[in-house]
Amino acid sequence: MPLDPAYVGRTYPPAQPYLAGREKIREFADAIGDPNPAYRDPEVARKLGHPDVIAPPTFPMVITAASTQQLLFDPELGLDYGRMVHGEQRFVHARPIRAGDRLAPSLTVESIRSIAGNEILGTRTDLHDQDGELVATGYATLIVRGPEA
């Protein structure tokens, strides 16, 4: 079943806010093997001009998952999850994510197109903090492989 092109421009309600705690940031830095002390030590982060530890640039991946779930399992979209692969991901940061940020992700469908029997879905997820400030935006490309001939 093809994806419904009427979804282009649709924005899902913000997902439950995510508290970016020091421990979660440290665990993520450990998981990706990044030893940067600004991800672990508040004093190092303060010397760099931040109020607390900051998160690695790819940390929003953890936060955007909830809003992506809303899209992937929306029965009206027509997405066959079993045929989907994650094609591309990038983040644009307005500022670093800091320990103590409470971030609410909101996903918008930016594009749906068909190429060589595959459907390409482009999304944008904005992360706003507890004060409504845009902190980061994630862009993802999801590919729904066409049926095999």
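What follows draws every value from the coordinates through simple rules; no lab data is involved. Values in this document were obtained by computation on a predicted structure and should not be read as measured data. Please note: Cβ atoms are built from the backbone with ideal geometry, for glycine as well, and neighbour counts cover all protein chains shown.
Condition check ((1) touching a helix residue (DSSP H, G or I) at 6+ places or on another chain (Cβ under 6 Å); (2) within 17 Å of PRO105 (Cβ to Cβ); (3) charged (D, E, K, R)) across all residues:
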{"site": "GLY21", "(1), (2), (3)": "no, yes, no"}
{"site": "ASN36", "(1), (2), (3)": "no, no, no"}
{"site": "VAL53", "(1), (2), (3)": "yes, no, no"}
{"site": "MET61", "(1), (2), (3)": "no, yes, no"}
{"site": "THR64", "(1), (2), (3)": "no, yes, no"}
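The number of residues in the range 1-19 being over 25 Å from LEU79 (Cβ atoms) and surrounded by fewer than 16 Cβ atoms within 10 Å (Cβ to Cβ) comes to 1. Within the range 46-96, the residues that satisfy the criterion of being over 29 Å from VAL144 (Cβ atoms), out of contact with any strand residue (DSSP E or B) (no Cβ under 6 Å at 6 or more places or on another chain) and among the hydrophobic types (A, V, I, L, M, F, W, C) are LEU48, VAL53, ALA55. Screening ASP126 on (1) farther than 18 Å from ARG10 by Cα; (2) under 14 Å from the mean Cα position of the chain (by Cα) shows it passes everything except condition (1).
Looking at the range 70-87, is at least one residue surrounded by fewer than 18 Cβ atoms within 10 Å (Cβ to Cβ) and among the aromatic types (Phe, Trp, Tyr)? There is at least one residue in the range 70-87 that is surrounded by fewer than 18 Cβ atoms within 10 Å (Cβ to Cβ) and among the aromatic types (Phe, Trp, Tyr).
Within the set ARG26, ARG22, the sole residue that is among the basic types (Lys, Arg) and either touching a strand residue (DSSP E or B) at 6+ places or on another chain (Cβ under 8 Å) or surrounded by 17 or more Cβ atoms within 10 Å (Cβ to Cβ) (or both) turns out to be ARG22. Annotation note: of GLY87, GLY78, GLY49, GLY33, the sole residue that is at positive phi and either touching a residue at least 24 places away in the same chain (Cβ under 8 Å) or of a type in the set (A, V, I, L, M) (or both) is GLY78. In the range 6-19, which residues are free of Cβ contacts under 8 Å to residues at least 60 places away in the same chain and touching a strand residue (DSSP E or B) at 6+ places or on another chain (Cβ under 6 Å)? Scanning the range 6-19 gives no hits.
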